[in-house]
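See structure below.
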Amino acid sequence: MTAQNTRERLLDVKGLSVEIDGRGGRAVVVDGIDLHVTRGETLGVVGESGCGKSLTMLSLMRLLPNKIKVTKGSADFDGQDLQKMSARALRKVRGGDIGFVFQDPMTSLNPVMKVGDQICEPLLYHRGMSRQDARKRAVELLRLVGIPGPEERLNAYPHELSGGMRQRVMIAIGLACDPKLLIADEPTTALDVTIQAQIVDLVKQLRAKLGMSVVWITHDLALIAGLADRVVVLYAGTVVEDAPVDALFANPSHPYTRGLLASIPTLSDAPAARLSSIGGTPPEPGRRPPGCPFAPRCPVAMDICRKEVPKLEPISSEGSHRAACFAAHKALKAA
Amino acid sequence: MNVEPLLKVENLVKHFHVRLGAFGERTATVHALDDVSLDIQHGETLSLVGESGCGKSTTGFTILNLHRASGGRVIYKGQDLTLLDDKHMRPFRRDLQIVFQDPYSTLNPRMTVGEAIGEPMLFHKLAAKTELNDKIAALLQDVGLPSRFASRYPHELSGGQRQRVVIARALACQPKFIVCDEAISALDVSIQAQIINLLLDLQEKYGLTYLFIAHDLAVVRHISTRVGVMYLGRLAELAPRDALFEAPLHPYTKALLSAVPEADPVRERNRKRQILEGDVPSPLNPPTGCRFHTRCPIAADICAKVVPEWKAARPGHLVACHAVNSSSA
Ligand SMILES: Nc1ncnc2c1ncn2[C@@H]1O[C@H](COP(=O)(O)OP(=O)(O)OP(=O)(O)O)[C@@H](O)[C@H]1O
Ligand SMILES: Nc1ncnc2c1ncn2[C@@H]1O[C@H](COP(=O)(O)OP(=O)(O)OP(=O)(O)O)[C@@H](O)[C@H]1O
Ligand code: SF4
Ligand code: SF4
Ligand SMILES: [Mg+2]
Ligand SMILES: [Mg+2]
């Protein structure tokens, strides 16, 4: 699935850096990230709260809030640089060929507009549909995301829906125009397992039918296991591991990834008194240590880790599994 | 159980009236909550699970009198909370806290994190002005945030950081009872583990009681004393944790447990889920009899006609299903 050919890349992000101009001075939040998604591929993005996942995705769409700016790098989508595109051209892509599901439904849905009208909006604007057709399509979309009584729910305002229904309305908006790329930021945090399974099936179907590519940001590793082809692990604004999904779970190589996997409570576990968690807290933007950003919390840190920054390098012989960790690099050489 | 429960919920009902049609020309009733009864014991964690839209948040809101009940009672300290207006509710507010599903709706965008956490402490006179900053810093630390965050505004935080501020704010009141509505769902696993450990520690230290609403069944299994399963506005089953996970009785609970994903890509690709047939019915027009009968694999004729009684199948294990016999013991 992971075609390495660059021409196959639908989204290709190179060296992207994002900085915040805050009261404490400028701080780098996203630090030279490389990311790509091939056509038809689903990329899972995981990482600790605050590591820069949302800001990375917002920067692709040039939707960053005030005082936060992209300072370096490029982001090619379907052969065009999103960072250099005219505002007008970008508007055509946003919500059309790139569907977006935001993390916070309450702030991204318009509270005084019926959800049906909010789903119809991109259909009218990007696909030039008639009102009537757009309404039909909106009903279909609500049904696809599993909202019961969709005709009636078109007239609901966001506050009249449950948390999970609001999230599904967001997903419906993201999928409305059959996008080439869907970028979804924690789209299923409020969904129960049965509906989550339904959404995952829906995304897989669209991928098979339309060749849609997906970037799925989540902290839910079990969900990623069932959905993604490849997974990127972010830590403190950098990519620390990038691997095909099977390799990541079978052979997690960065100590942070291993810590994440160890923290997952599972149903087959006997209910234990305490859960394992990674000690310490991630460094804040602007306060990152020299060397490896994970060093202060890493159980296997060495001297070199506090001096030099490890690069994202292959750690498997065929090169598809990469990690930014001196210990992982050493293990490959020793093998 | 012969000890008085902390909260007694009796036949609680919540209906919403909504407008339908393109011009709002028709009205209809959303049966969000119907005839829900449960006791919440001192110091326990009672979890509520169930499909999105089944009424979990509404249960939490209505118990705390944030939604006016359409029927039934909620007894706390001998008082029926559903009868109280805002003013008379005030003395109870400090004891009874909620962590909302949408952190944005709880935090005032013009208040810094420190002000948001400090405000309830000053209001309830839980801290003197001089020690306020230390207490705020300690609470931030408890939820895994640096004390510097006190001077930030909500929009300057990531989703998970905001959620933790809301948790810190609820803890600031030193409450007795907290409704945690998907309180940790937006957090990554490592911080989730940290917050769960914190909630368990506080429970042990102060005897806190939680109503824990979540869809992550592994977390629910880990944290709960008892678990209630809801379906379309009604309770389907309520049992001690191990009984519910190891010997579920209600067909809906069984289907729900079979859908839990695992962090193993190979197993996930090959697994067969017991996907429930049929659409989720709308709470605008809930099915007659047992509300699950349209999707239940073992539904019988009676199920469409008669609402199954809420009864004990075994001591402490309550269920609403015609196919389950009540305990003669
Ligand atoms: N407007 C802002 N001003 C200052 N700092 C900000 C602002 N927005 C975000 N940040 C900081 O930037 C960092 C990255 O934020 P981002 O929202 O990208 O995190 P995230 O990885 O999406 O986390 P989560 O999983 O919690 O949503 C965080 O430490 C956050 O506090
Ligand atoms: N203010 C309101 N007006 C009208 N209907 C409402 C209102 N609040 C909730 N509802 C409806 O009540 C039902 C139950 O909603 P509730 O928010 O309790 O579900 P939930 O179990 O918490 O779901 P989720 O897991 O998605 O958060 C839903 O059908 C919802 O649309
Ligand atoms: S580079 Fe060193 S400190 Fe960083 S994760 Fe690897 S071993 Fe740990
Ligand atoms: S009462 Fe009937 S329909 Fe309802 S769960 Fe039991 S068997 Fe199924
Ligand atoms: Mg985020
Ligand atoms: Mg809810």
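Histogrammed with a bin width of 10 Å, the alpha carbon distances of the stretch A:1-82 distribute as 18, 47, 28, 7, 1 percent, first bin at zero. Applying D = kT/(6 pi eta Rh) to the protein assembly as shown, where Rh is the Kirkwood radius over alpha-carbon pairs, T corresponds to 37 °C and eta to 0.692 mPa s, the Stokes-Einstein value obtained is 126 µm²/s. For A:Gly22, the amide hydrogen comes within under 5 Å of the amide hydrogens of A:Ala27, counting only partners 5 or more places away or on other chains and with H modelled in the peptide plane.
Here the average projected area of the convex hull drawn through the C-alpha atoms of the stretch A:66-167 stands at 8.2 nm². Its alpha carbons give chain A an Rg and a Dmax of 20.5, 66 Å. Scaling the Cα radius of gyration of the stretch B:12-107 by the globular reference 2.2 N^0.38 Å produces a ratio of 1.21.
For the stretch A:68-123 versus the stretch A:288-320, the spacing of their alpha-carbon centroids is 34 Å. Scaled against the 2.2 N^0.38 Å expected of a compact globular protein of N residues, the Cα radius of gyration of the stretch B:140-207 reads 1.08. If the chain linking A:Val309 and A:Lys84 were pulled fully straight, counting 0.36 nm for each residue of separation and taking away their Cα-Cα distance, it would gain 78.0 nm. Each principal axis of the Cα cloud of the stretch B:106-174 was taken in turn, and the coordinate range along them, longest first, works out to 30, 21, 19 Å.
What chain B shows is 43 Å² of accessible area per residue, with the surface traced by a 1.4 Å probe over protein heavy atoms. Size descriptors for the stretch B:43-88, from the alpha-carbon set: Rg then Dmax equal 12.0, 34 Å.
Shown here for the stretch B:180-287: GluC sites (Glu not before Pro) in loop regions (DSSP other than H, G, I, E, B) with at most 15 other Cβ atoms within 10 Å, namely B:Glu277. Residue-normalised convex hull volume from the C-alpha trace of chain B: 174 Å³ per residue. Per the Kirkwood formula applied to alpha carbons, the stretch B:187-329 shows a radius of gyration over Rh ratio, Rg over Rh, of 1.01.
Only protein chains counted, 1.4 angstrom probe. Which residues of the stretch A:34-56 are at least 10 Å² less accessible in the assembly than when their chain is isolated? With the partner chains in place, the stretch A:34-56 has these residues losing at least 10 Å²: A:Glu48, A:Ser49, A:Gly50. Summarising the amide proton neighbourhood of A:Tyr235: residues at separation of 5 or more, or on other chains, whose placed amide H is nearer than 5 Å comprise A:Val240. The reciprocal of the average 1/r between distinct C-alpha atoms defines the Kirkwood hydrodynamic radius, which for the stretch A:275-335 equals 12.7 Å. Which percent of the accessible heavy-atom area of the stretch B:97-209 goes to carbon and sulfur, probe 1.4 angstrom? C and S atoms contribute 50 percent here. Above 16 angstrom, tally the Cα pairs of the stretch A:135-216 and express them as a % of all pairs, no decimals. In whole percent, the share of Cα-Cα pairs in the stretch A:135-216 beyond 16 Å is 49.
By the beta carbon rule, with partners counted only under 4.7 Å, chain A holds these lone Cys residues: A:Cys51, A:Cys120, A:Cys177, A:Cys298, A:Cys325. Chains A and B together bury roughly 5200 Å² of accessible surface, counting both sides and using a 1.4 Å probe on protein heavy atoms. Cα-based values for the stretch B:121-260, radius of gyration first and Dmax second, are 17.4, 57 Å. Note on the stretch A:156-282: the C-alpha convex hull projects to 10.1 nm² when averaged across all orientations.
The values are calculated or read from the model by the stated rules, or taken from the named source; none is laboratory data. Since the structure is predicted, the reported quantities are computational estimates derived from the model, not experimental observations. Every residue, glycine among them, receives a Cβ derived from its backbone with ideal geometry; neighbour counts consider all protein chains shown. Accessible surface areas use protein heavy atoms only, side chains included; no ligands, DNA or RNA. Shrake-Rupley method; radii C 1.70, N 1.55, O 1.52, S 1.80 Å.
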